[in-house]
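Student: Structure in structure tokens, see below.
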Amino acid sequence: APASSSAPASASPTATPYAAAPAKATYAGKSNGGGATIAIVVDNGQVIAYVCNGSTIDAWFSGPASSTGKVTLTGKNNATLTASYGVGEMTGDVTAHGTDFNFGVDTVSKSSGAGLYRTTAQVGGSTVKAGWIVLDDGTQIGSIEPDSTSATPSAATAPRLDLATLTATYHSTVLHASPVSSVTGSGF
């Protein structure tokens, strides 16, 4: 009997989600099937998440990190995100613009510039909102809402973000992005 009770105990650290969110972590990766990219940043009890496909789908989420091992967030236009904390990863489901994606995203390396970036700016009389997810391999996926104050904002492909200057140019306007960082707490 002692041998059988020790086997499940040794397997539990990798099989069981965290009882609570880590104090600080950044996760990013593609959804299962690759239809969208997800970034989730946890900083001292708060979560900011973003999902986009680099063109027509984008949704922002924010809320408490939860102490139950699971986070449930809602965004504009019936967007929802439910995820569980695991060892070095988060797994879950996200719905944005009527499309469902399931995912398992890993923590990212801060030294690679990987993570989540966003900006809001006035361009031609409209409030523009853009988000970029940078993966460990340097891949960028970003979407921009040309009129984010609209009741039903549409998304388009974001211009490339220069990680050295944290700028991008949209319709001759320089956009200044800010990192959503679990290291510095910026963006929260």
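Student: Mind checking which residues of the stretch 167-188 are within 22 Å of S62 (Cα to Cα) and without any contact (Cβ under 8 Å) to a residue 60 or more places away in the chain?
Tutor: Across the stretch 167-188, the qualifying residues are H176, T184, S186.
Student: Ok, one more. Could you grab the pairs with beta carbons closer than 6 Å, sequence gap of 6+ or different chains, first residue in the stretch 31-56 and within 16 Å of T157 (Cβ to Cβ), second one open to solvent by less than 10 Å² (accessible area, probe 1.4 Å) and outside any strand (DSSP E or B)?
Tutor: Partner pairs satisfying both residue conditions: V51/A36; N53/A36.
Student: State all residues of the stretch 61-102 that are among the aromatic types (F, W, Y) and either at pLDDT below 90 or over 14 Å from A20 (Cβ atoms) (or both); if no residue qualifies, say none.
Tutor: Once the filter is applied, which keeps residues that are among the aromatic types (F, W, Y) and either at pLDDT below 90 or over 14 Å from A20 (Cβ atoms) (or both), the stretch 61-102 yields F61, F101.
Student: Now a separate question. I need the full set of residues from the stretch 55-66 which are β-branched (V, I, T) and open to solvent by less than 80 Å² (accessible area, probe 1.4 Å), in order please.
Tutor: The answer is I57, and nothing else.
Student: Test of understanding: among D93, D43, D58, which residue is under 17 Å from S182 (Cα atoms) and charged (D, E, K, R)?
Tutor: Residue meeting the stated conditions: D43.
Student: Let me ask another. I'd like the full set of residues that are within 15 Å of V134 (Cα to Cα), open to solvent by less than 40 Å² (accessible area, probe 1.4 Å) and part of a loop (DSSP other than H, G, I, E, B), limited to the stretch 43-54.
Tutor: Result: G54, single match.
Student: Report, by residue number, each residue of the stretch 67-101 that is open to solvent by 70 Å² or more (accessible area, probe 1.4 Å), part of a strand (DSSP E or B) and more than 16 Å from A25 (Cβ to Cβ).
Tutor: T72, T74, D93, D100
The values are calculated or read from the model by the stated rules, or taken from the named source; none is laboratory data. Source: prediction; values computed, not measured. Every residue, glycine among them, receives a Cβ derived from its backbone with ideal geometry; neighbour counts consider all protein chains shown. Calculation scope for accessible area: heavy atoms of the full protein, side chains included, ligands and nucleic acids excluded. Shrake-Rupley method; radii C 1.70, N 1.55, O 1.52, S 1.80 Å.
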